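Single-structure report; data block below.
Bear in mind these aren't lab numbers, they're just calculated from the coordinates by the rules spelled out. This one's a predicted model, so the numbers in the text were calculated from it and none came from an experiment. Neighbour counts are summed over all protein chains in view; Cβ atoms, including those assigned to glycine, are modelled from backbone coordinates with ideal geometry.
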Amino acid sequence: MHTLDVLDVLHRDQVALRIHDGAFSAMDLTARHPRTGELLSTVKFMVQALAAAGELQRDLQRELTYDGLRAAEAKGSKGGRRPAVAASKTDDVRTAYLEGRSIAALAREHRVSRGAIRTAVADLLPDHTASEEDAPAPEVPVTLDMPGKVADYLRATELEPAERAALDQGVTVRRGQGYTLRVTAVPAVHRQLLDRCQPLDGGQGLPVVPAQRKARREYENRVSTLTP
């Protein structure tokens, strides 16, 4: 929906939209001419200028992300999720598991998820042929708000089908000049998406954009509340 169409909807529902602070404080973005009922020309110009500036900022951030990814690839850096258990630690994890250490204890010791430990010792795990009663309960999808800057980065990243589907089915919620993407997925997919946007914290040859790093950490805080 176009920005001016949104203002028409607000006018129809008798909702006022004002800027309370900053350079345009006290401006009524729904002010209309008393005779014609049309948006004031100054208001229309200001709304279009703000929308264009926001779109420019988003496009520039996307271009910087693309340029950083290409530069990292040129230097030999590989994208995607890193192994949760470093190759140098895999043998130690496997030995400790054979000596009787629990998966939970190993996950705490190496500061990784239990799933990462299970992956490292997958061939050592006993075969599960028990009935469905012994099988773990399936994960229940949960809804989290993903900052728009994180969503923009992930859309430009190679994702697994389940991850891509979660993004494509997300609901956009506008917040000022930005937005959040309301994503519904099982906790495992949320954690995978969080891992995918790790470069926003810096590293892999990518430039650090403070706003993107802040957005990733907001998403990380929300994902960390999910039950492992």
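Data for the structure
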quantity	calculated
Only Lys, Arg (+1) and Asp, Glu (-1) charged, at Cβ; the stretch 138-207 dipole about Cα centre in debye	300 debye
Candidate lysines for bridging to K75, where Cα separation is under 30 Å - those fewer than 8 sequence places away on the same chain excluded	K89, K149, K214
Ranking of D168, D123 by count of other Cβ atoms within 10 Å, fewest first	D123, D168
Ranked list, fewest to most other Cβ atoms within 10 Å of each Cβ, for V183, V9	V9, V183
For the stretch 87-127: rounded, prolate or oblate by the Cα gyration tensor [a/c cutoff 1.5]	rounded
Order by protection proxy (mean Cβ within 10 Å, highest first), peptides 147-153, 40-46	147-153, 40-46
Computed FRET value (nearest 0.05) for V171 with R101, which takes r as the C-beta separation and R₀ as 35 Å	0.25
Nearest-0.05 FRET efficiency for D123 and D92, computed from C-beta distance (R0 22 Å)	0.85
Kirkwood-based shape ratio for the stretch 142-223, expressed as Rg/Rh from alpha carbons	0.93
Label-point separation, E38 to D201 (7 Å along Cα→Cβ), nm	5.3 nm
